[in-house]
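Below: the structure, in structure tokens.
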Amino acid sequence: MKHFRTVGLLFSISLFLFITADTGSAITVDEIVKKANQAAYYKGSDGRAYVSMTITDSQKRRRTKKFTILRWDKPGKDDLYCEDQKYYVYFHLPADVNKMVFMVWKHVKSDDDRWLYLPALDLVKRISSNEKRTSFVGSDFFYEDVSGRNINYDTHELSREDKNFYVLKNTPRDPDSVEFSYYIAWIHKKTFLTIKAEYYDKNGEKYREYVALRESTIQGYPTITKSVMKDIRRGSSTVLEYANVQYNTGLPEKIFTERYLRRAPVKYLR
């Protein structure tokens, strides 16, 4: 019996060494997901960027919208778990959306709060949780894409990996709350940025695809500065290009409130 225990122990050690050698580390799926979430949404203590969004419909007609996005992070103890955040998106162009504001209070342990200010009507609209996976101001991105999907809403498994990527399959814990049955994400092993994501419907058909088109290192943080979301069924696509990206700017939390939906914090939008 002792002999078999020794053989079993040696086999386990050999298997561990094989896995470690193949992946380059003993990282768990949970750690991959948290690192990817951090790389995408938690660079620095806050952030600011000027964004150009180009929407191309199935007839190849193009519309461009431009906005500034501000982000503030609640100080947290565990960077890998990440903490609550606040987002403020202020539209500049075209004229019909000028001064429109989208604001998010992102909560790690509960549903997010979202507001949309429509200046033409002088109306502040609350966006309910069942609207978060609807089009963001007519684009192929969803409201939820702006601040990110809560990682606790899905189960995650490592489907495969190669020299450069971890490929994860992500399945919703509550399938009735979303339109997809699962999505596949390609996570870069060095930067942990999501380079590609494919969404599949209830019939297992791919209907939506995200691709990172350009990456830059800004203030030491690997950053996606150009990306595209494609709606395969409609034949439309939306490209986001980020300019003047800055981190750790010292944004005050007070500007992420309902008061500043109607009264834009101009100082921080320049």
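Every number here is computed from the coordinates shown, using simple stated rules; none is lab data. Keep in mind that what you see is a predicted model, and the values were worked out from it rather than measured. Glycine also receives a Cβ, built like all others from the backbone with ideal geometry; neighbour counts cover every protein chain displayed.
For residues that are of a type outside the set (D, E) and farther than 16 Å from V97 by Cβ, tally how many sit in the range 51-77.
12
Name the one entry in K125, K99 that is at positive phi and of a type in the set (K, R).
Answer to the check: K99.
Please go through the range 116-134 and pick out each residue that is within 21 Å of Y153 (Cβ to Cβ) and out of contact with any Phe, Trp or Tyr (no Cβ under 7 Å at 6 or more places or on another chain).
Passing the criteria: S128, S129, N130.
Do you know which residues across the range 182-234 are under 17 Å from A36 (Cα atoms) and of a type in the set (S, T, Y)?
Y183, T191, T194, Y210, S216, T217, Y221, T223, T225, S227
Can you tell me which of V51, V89 is surrounded by 17 or more Cβ atoms within 10 Å (Cβ to Cβ), out of contact with any Pro (no Cβ under 8 Å at 6 or more places or on another chain) and more than 30 Å from N164 (Cα to Cα)?
It is V89.
Among residues belonging to the range 237-270 that are touching a strand residue (DSSP E or B) at 6+ places or on another chain (Cβ under 6 Å) and among the polar types (S, T, N, Q), point out the one that is farthest from K66 (Cα to Cα).
Filtering the range 237-270 for residues that are touching a strand residue (DSSP E or B) at 6+ places or on another chain (Cβ under 6 Å) and among the polar types (S, T, N, Q), the one farthest from K66 (Cα to Cα) comes out as T249.
If we scan the range 233-256, do we find a residue that is without any contact (Cβ under 8 Å) to a residue 40 or more places away in the chain and either among the small types (G, A, S) or assigned to a strand (DSSP E or B) (or both)?
No, every residue in the range 233-256 fails to be without any contact (Cβ under 8 Å) to a residue 40 or more places away in the chain and either among the small types (G, A, S) or assigned to a strand (DSSP E or B) (or both).
If Q59 meets every condition in (1) under 25 Å from S237 (Cβ atoms); (2) not in a loop (DSSP other than H, G, I, E, B) apart from one, which number is that one?
Against the list (1) under 25 Å from S237 (Cβ atoms); (2) not in a loop (DSSP other than H, G, I, E, B), Q59 comes up short only on (2).
Tell me, which residue of the range 257-267 that is in contact (Cβ under 8 Å) with a residue 12 or more places away in the chain and among the aliphatic types (A, V, I, L, M) is surrounded by the most Cβ atoms within 10 Å (Cβ to Cβ)?
Restricting to residues being in contact (Cβ under 8 Å) with a residue 12 or more places away in the chain and among the aliphatic types (A, V, I, L, M), the top hit is L261.
For residues that are in contact (Cβ under 8 Å) with a residue 24 or more places away in the chain and either in contact with a Cys (Cβ under 6 Å, 6 or more places away or on another chain) or within 14 Å of S227 (Cβ to Cβ) (or both), tally how many sit in the range 176-190.
2
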